[in-house]
1. Could you give each residue of region B:292-308 its phi-based ³J(HN,Hα) in whole Hz, using Karplus coefficients 6.51, -1.76, 1.60 with θ = phi - 60°, and x for Gly or Pro?
2. Would you mind giving the mean number of other chain beta-carbons within 10 Å of the Cβ of each residue in A:109-119, as a whole number?
3. With angles folded into 0 to 90 degrees, how steeply does helix B:35-48 sit against the dominant principal axis of chain B? Use alpha carbons for both and round to 10.
4. Relative to the longest principal axis of chain B, what angle (0 to 90°, nearest 10) does the C-alpha long axis of helix B:194-209 take?
5. Could you identify which residue out of B:E261, B:E314, B:E87 has the top mean-square fluctuation in a GNM of chain B using Cα springs shorter than 10 Å?
6. Could you give me the ³J(HN,Hα) list for region B:127-138, computed from phi with Karplus coefficients 6.51, -1.76, 1.60 and θ = phi - 60°, whole Hz, x at Gly and Pro?
7. Computed from the mean reciprocal separation of all distinct C-alpha pairs, what Kirkwood hydrodynamic radius does region B:55-124 have, in Å?
8. Expressed as an acute angle from 0 to 90° and rounded to the nearest 10, what is the orientation of the C-alpha long axis of helix A:227-240 relative to the principal long axis of chain A?
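Throughout, read-outs are computed from the coordinates displayed, never taken from laboratory work. This structure is a prediction, so every number in the text was calculated from the model and none was measured. Cβ placement follows ideal geometry from the backbone for every residue including glycine, while neighbour counts extend to all protein chains displayed.
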2 protein chains.
Amino acid sequence: MPKHAGIHDVARAAGVHPSTVSRVLNARTRHLVTAAVAARVAAAARRLGYTPDPVAAGLRTRRSRAIGVLIPDLANPVFPPIVRGIESVLTDAGYTAVVANTDNEPARARAALERFAARRVDGLVLATALRRDALIARVKALGLPAVLVNRTIEAGAIPAVVNDDAGGIALAVNHLVALGHAAIGHVAGPQRLSTGAARRAGYLAAMKASGIPARGAPVAAARSYDIAAGAQAARALLDARPHLTAIVAANDLLALGCYDELARRGLQCPRDVSVVGFNDMPFADRFSPPLTTVHIPHRLLGVEAARLLLEAIERSGAPAREVRLAPRLVVRGSTAGPRQKPVAPGARLAQRGRRSSPGQPPPRTAAGAPRQRYR
Amino acid sequence: MPKHAGIHDVARAAGVHPSTVSRVLNARTRHLVTAAVAARVAAAARRLGYTPDPVAAGLRTRRSRAIGVLIPDLANPVFPPIVRGIESVLTDAGYTAVVANTDNEPARARAALERFAARRVDGLVLATALRRDALIARVKALGLPAVLVNRTIEAGAIPAVVNDDAGGIALAVNHLVALGHAAIGHVAGPQRLSTGAARRAGYLAAMKASGIPARGAPVAAARSYDIAAGAQAARALLDARPHLTAIVAANDLLALGCYDELARRGLQCPRDVSVVGFNDMPFADRFSPPLTTVHIPHRLLGVEAARLLLEAIERSGAPAREVRLAPRLVVRGSTAGPRQKPVAPGARLAQRGRRSSPGQPPPRTAAGAPRQRYR
DNA sequence: GTGAAAGCGCTAACAA
DNA sequence: TTGTTAGCGCTTTCAC
């Protein structure tokens, strides 16, 4: 059984009343106490190994100093750095971050939210937001300060830290256009998520800005942000438009799905089709080929979200700011100029081992690709 | 301001005494109450949206129903699945998992432990254990039930869920020997960690069992489990033994470091040197070449750890069991038979683009490698 | 089977 | 400046 010294023990040892001990230990009230007494109390506390119980304190003050963090999928490598950013800021501010996984299921998110509410968390960081999210209404009903991170909601009177998704996709599209591509398709993310919708819109806008007509900008949306869904969407996209020379994927996992579908068709990346991802997840530089992608400042996203939340907790009247972080393009080995002649639709596995035709720019292979390390 | 209905509100609404409400809501005491009254109370509770406050309850019962989880590095992809396994078991059992990152720094681990203790967690899951870990003494002094996961301590009277590290490494060594390798080196992990030490010992034992003399089993230990340290160790290893045809790395990140060092020397994997990793981290099948590695059941590791902890909490007299999970080898593209003639020590970048000599078994390339998906 | 009362460890108001 | 008192929301004796 854990045995903790209580405030009474310290008070007895220091020969003062418990409330004095409390005053000494609380930064806001320490100045109300004689230096001599404060020293005596501090000494007794140290001697007894006394740790104030923040839970009991919270019961009285109605502040738990705990923050609930909702993550859609910890196994998606984008989120751990975000979590660490959140955690580091909150810990430094004296809060405890309690993170829960939702597996992208609204029901789990709801359940986790209720557990957080029951534990009387002081605020929430939500990385799970849908564009139209019933959870938000519940959060507001509970009166809990909350900040969204990475994903945001449609009509947002709630602070959020997001990427410039449209701007990031424009970077990708422009990179491909500069390489000489015109037949560029988009494997979009789930349209119920702000990232999926914003990146899709950004793709369409960037294509238009490049003078490519709307019908030359095909899109297939994936049902979720994972490899299998990416492969499925790429398949639909390439079935409809076999002559595409480049694909902009809405995130890196979808890009990996594109890799798979290209391989299945006997097409090589980037020789036959260039692929760009989004997020620059850890190890994206290790893929085969190393993935050209849009880098987002993962950790900073978490840091800013936590700061915004602390701000919202301090003065609850503050307006709901949205912080938008700038992404940047990281060029690796999955993009190259288009081939002179697009591959025939029937091209199959036989082609796999073939070397690039002479006269073409040499394909960038995994080994030869310019490699840029993450971090 | 969050507004929660309290037990008194429910009592008033149901026309009973608060203690009766408490009895109804507590599974252990519900049978002490009339069915009629119980129904009335339940209805009132639902109507008011009453959620019992586990924190206040904990103050009284001295059980917080919270478990602290210490993770060395969430950004290492091995840990998220472990965390999810832990979380799912604990959540189902009515506990809240509070996870903290230690960045592999004992001081942070200690600080996090003290925060956990202050919050009166009911138990701990530690993924951070050093072979000789001062933290453990503190945990025992606090009287907290604890379970180790993945890493364990030297002299262990504390329950743990670990991999059969030696057995896993034997799988790797035997695989290489079967391919015809004899000049096999080991890039070991940090020797202050049980995984680093056990895998090193396993390597030496397996080499010996294969009839390879001890001096033919060179080892270089990395300072930490990351890519840079792996590259550094591989460098030392190859400087000392330039004729190695295979390297067994103590984990996947170290294996990636080996990839880097081989590339730097103008050597190709697996043509010139085969590499085996350990852990089968997510996306290991995506590397270039896809990594042959020892798969460990990440999620199950977490699940078992959580179960063991719950067991330890229920009956604190239980003996400290150690659960050892069996790994399995996953063969991908980073291993192949050795070349007839080892590459000359001076071989350099010029060699990079060279095709494999005729008459050799064709190197397994990324595209052609047998690929086995994780999950 | 139900009500009454005390108290978990702490803080905040008020009194001295 | 320090002590006193009440009570945060709950559980658990103990009476009835």
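1. 6, 7, 9, 7, 10, x, 3, 5, 4, 3, x, 4, 5, 4, 4, 4, 4
2. Per residue, the average neighbour count from other chains is 3.
3. Once rounded, the angle reads 70 degrees.
4. 40 degrees
5. The residue with the greatest mean-square fluctuation here is B:E314.
6. For region B:127-138, the Karplus curve yields 9, 10, 4, 8, 4, 10, 10, 5, 4, 4, 4, 5 Hz.
7. Every distinct Cα pair counted, the radius reaches 12.6 Å.
8. Once rounded, one gets 30 degrees.
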